[in-house]
Amino acid sequence: MSEKLEIKPLVEILHNTKRVAVLTGAGISAESGIPTFRGEEGLWKKYRAEELATPTAFGRDPQLVWEWYDWRRGIISPKEPNPGHKILARWEKVFPGVSLITQNIDGLHQKAGSENILELHGNIWKVRCIEEGTISENFETPLKNIPPSCPKCGALLRPHVVWFGESLDPAVLHNAFLLSSGCEVMFVIGTSAVVQPAASLPLSAAEAGAKVVEINIDPTPLTSYADFSFRGKAGEILPLIDDELKGMS
Ligand code: BV8
């Protein structure tokens, strides 16, 4: 496997690196059995994510949008972190300077034990009252009432996620760019690198002189910018890098 050839020079660099940033996308959860967005399994009935994950879709038909989220929550709920999630959680303990930025809303990084996580697009297990703005955790699967309503004021609850056409939390986005432009190595794992502004984070890392390491089963628009590009599954490539790192310490 050609990846082995690239791993040694990467681990040499990592061995002298203090600040590592990691950006993950749906691909890191694929081996846990969670469908990605742009894979063929990413469809629900006849809809694509871009059609349902929008404020317009929710305003027009909150019932339909909540049926989609209830379906996704049902898929995610029993799923466990895979070796990729677990290694990133361990790296956070082993290397103090590792920070994790995820586009995923499935909560699997938390389940794997990662603690300092920036969730760019929110979390599918959190709901927000559209009147009060209050955020709470809700793990009810399946949901008893669709759409669910706020127990306090009775208004509609929405998923506490960032929809297409909505701005990300400014503080979260600011920290994500700070971490990206301040790191020495940035891993970009399991993302098609098309959704903005997340897809700009690795570019800001590269512009600041960081080495960019892509792990993906397919090439992406980022591949040509990457210093290292591993073509393979995150749950298989990360253990190879981790083994080499252990061998060096
Ligand atoms: C915003 C939460 C300001 C909801 C999500 C600039 C240029 C162009 C467009 C825009 C732009 N700025 C804004 C936009 C519009 C839009 C956008 O980016 N559109 C895209 C489609 C072009 N962005 C926004 O609207 C953002 N808001 O910028 O605010 C603004 C406001 C108004 C108008 C303009 C600007 C908000 C974006 C957030 C959307 N919410 N999720 C929910 O999930 O329900 S995004 C959602 O899709 C995910 O969170 C994720 O981020 C994204 C999917 O991306 P990936 O994670 O990469 O998943 P994907 O399936 O695509 O790819 C999986 C990859 O894994 C593949 O490459 C595959 O090969 C690989 N893979 C598979 N298996 C494995 C693997 N790799 C390794 N191992 C494996 N085993």
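Which residue out of P202, P219, P197 is touching a Ser or Thr at 6+ places or on another chain (Cβ under 8 Å) and within 23 Å of A49 (Cα to Cα)?
Values: P202 fails: within 23 Å of A49 (Cα to Cα); P197 fails: touching a Ser or Thr at 6+ places or on another chain (Cβ under 8 Å).
After applying the criteria, what remains is P219.
For the list (1) assigned to a strand (DSSP E or B); (2) more than 23 Å from N16 (Cα to Cα), I need the number of the one condition that F187 fails.
(2)
Which members of the range 205-215 meet the condition of being open to solvent by less than 20 Å² (accessible area, probe 1.4 Å), outside any loop (DSSP other than H, G, I, E, B) and not charged (D, E, K, R)?
Scanning the range 205-215 gives A205, V212, V213, I215.
Condition test on E12, is it open to solvent by 70 Å² or more (accessible area, probe 1.4 Å), out of contact with any strand residue (DSSP E or B) (no Cβ under 7 Å at 6 or more places or on another chain) and either modelled with pLDDT of 95 or more or more than 10 Å from the ligand (Cβ to nearest atom) (or both)?
Here the answer is yes, as E12 does meet what is asked.
Can you find a residue in the range 55-69 that is under 18 Å from G190 (Cβ atoms) and either under 14 Å from the mean Cα position of the chain (by Cα) or not assigned by TED's automatic domain parsing to the domain that holds A198 (or both)?
no
Can you tell me how many residues within the range 15-35 are in a helix (DSSP H, G or I) and at pLDDT below 95?
Counting residues in the range 15-35 that are in a helix (DSSP H, G or I) and at pLDDT below 95 gives 1.
Inside the range 36-143, counting only helices (runs of 4 or more DSSP H) that do not spill past its ends, which hold 3 or more residues that are open to solvent by less than 60 Å² (accessible area, probe 1.4 Å)? Spell out how you get there, then give the answer.
Numbers: elements: 49-52, 55-60, 62-76, 83-94, 108-112.
Answer list for the range 36-143: 55-60, 62-76, 83-94, 108-112.
Would you point out which residue out of F187, F177, F230 is in the same structural domain as I13 (by TED's automatic domain parsing) and either more than 15 Å from the ligand (Cβ to nearest atom) or over 17 Å from S99 (Cα atoms) (or both)?
Details: F187 fails: either more than 15 Å from the ligand (Cβ to nearest atom) or over 17 Å from S99 (Cα atoms) (or both); F177 fails: either more than 15 Å from the ligand (Cβ to nearest atom) or over 17 Å from S99 (Cα atoms) (or both).
That would be F230, the only listed residue that is in the same structural domain as I13 (by TED's automatic domain parsing) and either more than 15 Å from the ligand (Cβ to nearest atom) or over 17 Å from S99 (Cα atoms) (or both).
The values are calculated or read from the model by the stated rules, or taken from the named source; none is laboratory data. In this text, all values refer to a predicted model and were calculated from it rather than measured experimentally. So basically every Cβ, Gly included, is an ideal-geometry build from the backbone, and we count neighbours across all protein chains shown. The area values use the complete protein model at the heavy-atom level, side chains included, leaving out ligands, DNA and RNA. Shrake-Rupley method; radii C 1.70, N 1.55, O 1.52, S 1.80 Å.
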